[in-house]
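The values are calculated or read from the model by the stated rules, or taken from the named source; none is laboratory data. Computed from a prediction, not measured in an experiment: that's the story for all the values here. We place every Cβ from the backbone using ideal geometry, glycine too, and count neighbours over all the protein chains shown.
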Amino acid sequence: MVSDITPISVANLIEAGDLVINDGYRAKNSELSSNGLPFARAQNINNGLHFESADRFPEQNINKVGIKISQPGDVVFTSKGTVGRFAFVREDTPQFVYAPQLCFWRSLNHKKLHPRWLFYWMHSREFFLQYSGVAGQTDMAAYVSLRDQRCMHITLPPPNIQQAIAHILGSLDDKIELNRRMNQTLEAMARAIFKSWFVDFDPVRSKAAGQQPPGLAPHIADLFPDEFQNSELGEIPRGWEFVPLPQVIEVNPPRSLRKGQLVPYLDMANMPTRGHVPDMVVPRPFGSGMRFINGDTLLARITPCLENGKTAYVDFLRENEVGWGSTEYIVLRAKPPLPTEFAYCLARSQEFREFAIQRMTGTSGRQRVPADALSHYMLAFPPPAISEQFGHFVKSLFARVSKAMTESRTLAALREALLPKLLSGKILIRNIENILEENT
């Protein structure tokens with residue numbers, strides 16, 4: 001069993017040239033830019049690596065960072081402030097520069113120390129006990145120093161066992177990652193249709209130019225006019241209405257919950273910055289916050305969450321169930337005949353977000369957009385037949401996303417159940433295929 005193997009010193013692995021542990025580059029603000037490689041901080045490590053909001057480090061200055069630039073196979077560990085997040089640098093992960101809040105463990109001898117096995121080992125109780133034991137030694141924020149990390153020990157099974165564990169758990173993570181990318185594509189398709197139809201009016205422009213709208217079946221193209229009319233918004237399709245947002249989308253519709261009722265709770269930390277699915281929803285007694293039901297869109301209205309794009313579409317509750325969350329959410333719900341997904345696509349659109357950001361009020365660092373400011377947002381409202389056809393498209397896309405997310409949660413739960421048992425040797429590798437067949 002793995003538990004029977006004698007732990008070895010991390011320092012010995014380093015001395016033998018099998019492992020490197022280092023932290024990130026201490027960049028000055030003047031060294032960062034809007035172009036170049038992502039400069040990854042702790043906030044960019046959350047169930048993977050996400051660089052949408054990351055600063056950039058100019059590539060022409062990359063020689064300054066030395067080895068503190070990512071390589072495939074690196075295991076990333078948040079070691080300062082937010083301690084205990086992990087990420088694995090895949091072959092297709094964009095290259096990035098490490099910030100000081102991050103450390104990386106880099107295997108230099110894959111035959112002795114399998115990189116992906118190392119990633120899973122860092123989720124183990126053995127590693128947790130070691131880093132949590134030293135993280136609170138200072139009066140300041142939690143911190144696990146390089147010296148502390150290099151003084152740790154690791155129970156290292158034979159290479160074939162490492163490879164088998166990495167393959168088993170990695171297969172589950174690979175499927176979860178495949179689902180994530182598919183969902184990203186599906187949602188991008190929904191938002192692209194929204195922008196084309198309701199922001200850029202592409203089908204109308206094509207017909208006005210005497211062309212068949214590309215990609216649209218004739219019966220759908222026939223729903224769009226072939227000319228524009230003037231409005232305060234500028235040109236909008238002829239026959240469409242120019243209306244304020246509350247006329248077609250409810251803002252903070254009333255929902256009922258009893259004080260202390262145990263229901264799903266979504267906090268700001270788990271609001272998605274990309275995609276519509278929250279990272280985690282947990283049961284919590286209702287206190288004071290915004291309430292929502294399936295089909296609602298949640299918009300984080302406070303800085304920096306609004307700028308970072310924290311927005312969710314609620315499709316994770318049971319029928320007739322009410323959930324709740326932060327008082328800093330604005331709840332949006334499209335009125336029929338618009339599909340409920342319309343409000344989410346609108347909230348994700350660049351035009352809407354720029355409008356909301358420009359109307360934020362409050363002191364520096366604690367600004368928010370007032371809900372009543374949305375009454376001044378004007379949009380072109382299509383005829384019912386176009387609304388219904390849009391709903392037909394987006395509902396099928398969102399349904400596929402929800403199905404993939406359900407599968408990913410099942411796979412993640414299986415991975416979490418298997419990980420400690422595989423690392424400890426409580427489950428033998430030769431028995432794992434039967435377990436996987438029973439649970440997937």
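Please verify whether the range 105-128 includes one or more residues that are free of Cβ contacts under 8 Å to residues at least 24 places away in the same chain, in a helix (DSSP H, G or I) and either of a type in the set (Gly, Ala, Ser) or surrounded by fewer than 20 Cβ atoms within 10 Å (Cβ to Cβ) (or both).
no
Sort through Leu223, Leu317 and tell me the only one that's outside the structural domain of Met360 (by TED's automatic domain parsing) and either closer than 24 Å to Phe393 by Cβ or of a type in the set (A, V, I, L, M) (or both).
Leu223
Looking at Ala164, Ala209, which one is in contact with a helix residue (DSSP H, G or I) (Cβ under 6 Å, 6 or more places away or on another chain), farther than 29 Å from Tyr377 by Cα, not basic (Lys, Arg) and not assigned by TED's automatic domain parsing to the domain that holds His123?
Ala164
All but one of (1) in contact with a strand residue (DSSP E or B) (Cβ under 7 Å, 6 or more places away or on another chain); (2) more than 23 Å from Tyr143 (Cα to Cα) hold for Phe39, so report the exception by its number.
Unmet for Phe39, out of (1) in contact with a strand residue (DSSP E or B) (Cβ under 7 Å, 6 or more places away or on another chain); (2) more than 23 Å from Tyr143 (Cα to Cα): (2).
Please go through the range 307-352 and pick out each residue that is in a strand (DSSP E or B) and of a type in the set (D, E, K, R).
Passing the criteria: only Arg333.
I'm checking my understanding of the structure. Among residues of the range 343-367 that are hydroxyl-bearing (Ser, Thr, Tyr) and over 30 Å from Lys395 (Cα atoms), which one is surrounded by the most Cβ atoms within 10 Å (Cβ to Cβ)?
If we take residues in the range 343-367 being hydroxyl-bearing (Ser, Thr, Tyr) and over 30 Å from Lys395 (Cα atoms), then Thr361 is surrounded by the most Cβ atoms within 10 Å (Cβ to Cβ).
State all residues of the range 364-412 that are outside any helix (DSSP H, G or I) and within 28 Å of the chain's Cα centre (by Cα); if no residue qualifies, say none.
Selection gives Ser364, Gly365, Arg366, Gln367, Arg368, Val369, Pro370, Tyr377.
Scan (1) more than 24 Å from the chain's Cα centre (by Cα); (2) buried (at least 19 other Cβ atoms within 10 Å of the Cβ) for the single condition Ser70 breaks and write down its number.
(1)
Taking the range 282-321 on its own, how many of its residues are among the hydrophobic types (A, V, I, L, M, F, W, C), within 24 Å of Met405 (Cβ to Cβ) and more than 18 Å from the chain's Cα centre (by Cα)?
Selection size over the range 282-321: 4.
So if I check each of Phe39, Phe57, which one is more than 26 Å from Arg150 (Cα to Cα), crowded, with 18+ Cβ neighbours inside 10 Å and among the aromatic types (Phe, Trp, Tyr)?
Phe57
Can you say whether Phe194 is aromatic (Phe, Trp, Tyr) and within 30 Å of Ala380 (Cβ to Cβ), as far as the supplied structure shows?
Considered against the rule, which asks whether it is aromatic (Phe, Trp, Tyr) and within 30 Å of Ala380 (Cβ to Cβ), Phe194 comes out as yes.
With the structure loaded, tell me whether Phe286 is touching a residue at least 40 places away in the same chain (Cβ under 8 Å), surrounded by 17 or more Cβ atoms within 10 Å (Cβ to Cβ) and of a type in the set (Phe, Trp, Tyr) or whether it fails that test.
Criteria not met by Phe286.
Out of the residues in the range 47-67 that are under 12 Å from the mean Cα position of the chain (by Cα) and either of a type in the set (Gly, Ala, Ser) or on the phi > 0 side of the Ramachandran plot (or both), which is modelled with the highest pLDDT?
Gly48
Can Gln163 be described as assigned to a helix (DSSP H, G or I), touching a Gly at 6+ places or on another chain (Cβ under 8 Å) and polar (S, T, N, Q)?
No.
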